[in-house]
Amino acid sequence: MKKFLEKIPFYNTLVLPYHFLQAILANLIYRRPAKNLHVIAVTGTNGKTTTCFMLWKILNHAGLKTGLMTTVAYGVDKLKPELNHMTTVDAFTLNKRIKALKKEGAKYLVLETTSHALAEYRTLGIPIEIAVFTNLTHEHLDYHKTFAKYRKAKGKLFKKAKFSIINADDKNAKFYEKLSKNYASYGIKTGKNRPENLKLLKTGVKYSLHDITYETKIPGEFNVYNSLAAILTAEKLNVKPGKIREGLLSLDSVEGRMNIVDEGQPFTVIVDYAHAPDALEKVFTSLPKIDGKIISVHGGAGRRDPSTRAPRGEILGQHSDIVIITEDDSRDEDPEKIAESFIKGAEKAGKVLNKNLFKELDRKKAIALALKTAKKGDVVLILGKGHEKSILRADGPHPFEDLKVTRELLKSL
């Protein structure tokens with residue numbers, strides 16, 4: 001029934017009163033559990049989850065009991081996996097979990113916050129002490145319809161927050177600065193807080209900020225941005241530089257974010273959640289120089305913005321030597337039709353079907369094909385699902401984990 005209703009024009013707008021009432025009721029039932037918490041809300045298109053994990057690690061390391069709620073997991077000391085394919089959960093679940101986090105002793109909460117959640121009042125009643133902006137690129141237009149509406153939805157967070165931390169290198173920074181009561185800016189090229197002596201290493205990033213040297217164990221230029229946002233937020237919360245440095249370095253990885261899967265094979269395998277054009281670009285640009293080939297496995301979700309499919313296929317074609325198009329959460333859409341758009345994009349970049357461009361809609365078989373094709377020195381990228389524990393098909397969810405499947409296949413080579 002819901003699938004049918006969602007096809008009605010302006011359906012998302014029509015149901016907003018329902019979401020508003022749901023949020024009010026959730027606050028009443030759970031007695032507004034967030035009212036005494038120091039809440040840091042992180043929003044943007046990419047980098048939200050990693051920034052949240054970095055900040056959660058830093059604050060807990062500093063002795064500030066901090067809860068975490070993200071796309072990947074939630075909890076305080078011991079994290080539970082987020083099994084819903086959703087970042088900011090519905091208002092009832094959100095308030096219920098916040099109440100549980102407070103019972104565990106949390107005084108702070110790092111909350112990954114989406115445009116959907118803001119548009120649908122899911123965060124109503126949650127006081128925002130600090131809002132963090134990572135970046136904004138083309139995504140979720142299946143829901144918001146226009147980029148302007150997408151940007152505006154996230155703007156609600158900065159109007160609400162007491163203080164904002166904003167990525168000045170993003171072209172939308174000025175929009176959020178104007179909405180903010182007070183803010184600090186960061187960036188590599190612009191912003192008041194910029195890294196010095198920046199080094200992009202195979203094992204992470206290293207730089208100096210405010211005369212303190214910081215290092216991460218997660219590679220990629222985008223993790224310079226993520227760590228800068230986390231550091232500045234921690235500084236605003238009066239965490240000492242030494243504790244920030246130690247906490248940041250204590251984060252070994254974030255599940256599904258640039259995870260290297262090593263079972264002794266002579267090539268590199270990386271699993272990442274990247275599923276938007278900008279995120280895909282960043283994965284490729286973050287890779288160190290290699291002598292071998294890049295083999296990419298990727299697909300598109302059903303009932304999600306179809307306009308990104310061909311561009312994503314083109315990005316894969318431009319940066320990969322071999323592209324394998326497969327399934328993602330197809331839901332009630334035809335996986336064949338979804339794949340067609342990706343193939344057209346990859347062909348536009350010069351790839352040739354059944355030569356250096358392949359279609360294998362069974363995701364496990366697609367990963368197996370990539371691993372069997374790889375030679376010494378190659379890099380295999382398995383992109384799009386990252387941490388997720390299931391794949392959504394027309395008949396419902398099926399257990400599936402990219403990391404687990406990849407590890408099992410590598411062991412059987």
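Any read-out appearing in this document is the output of simple, stated calculations on the displayed coordinates, not a laboratory observation. In this text the structure is predicted, and so the values were computed from the model without any measurement. With ideal geometry, Cβ positions are generated from the backbone for all residues, glycine too; neighbour counts draw on all protein chains shown.
Think of the chain as having a plus end and a minus end, set by charges on the Cβ of Lys, Arg, Asp and Glu; of SER164, PHE284, LEU248, SER164 sits farthest toward the positive end of this dipole. Quotient of the Cα radius of gyration of region 77-211 and 2.2 N^0.38 Å, N being its number of residues: 1.19. Computed per residue of the chain from DSSP H runs no shorter than four, each worth -39500 (n - 2.57), the mean residue ellipticity at 222 nm is -11500 deg cm²/dmol. For region 245-380, a simple Cβ point-charge model (Lys and Arg +1, Asp and Glu -1, everything else neutral) yields a dipole of about 420 debye relative to the Cα centre.
What the Cβ-Cβ distance of GLU340 and LYS206 gives, at R0 = 41 Å and to the nearest 0.05, is a FRET efficiency of 0.40. Put a dot 7 Å past the Cα of THR93, heading toward its Cβ, do the same for LYS162, and the two dots end up 3.0 nm apart.
Rounded to the nearest 20, the Cβ-based charge dipole of the chain about its Cα centre (Lys and Arg +1, Asp and Glu -1) stands at 1380 debye. Label point of ASP252 set 7 angstrom out along Cα-Cβ; within region 62-87, amide nitrogens under 18 Å from it belong to 73, 77-81. My understanding is that a pair violates if its Cα-Cα distance is over 27 Å; which of LYS65/LYS152; LYS344/LYS376; LYS160/LYS243; LYS282/LYS404; LYS365/LYS385 do that in this structure? Beyond 27 Å between Cα atoms: LYS65/LYS152; LYS344/LYS376; LYS160/LYS243.
Treating each Cα of region 2-249 as an identical point scatterer and summing with the Debye formula, the log10 of I(q)/I(0) at q = 0.08 Å⁻¹ comes to -0.30. When the P(r) of region 235-373 is calculated, the portion above 21 Å amounts to 47% of the C-alpha pairs.
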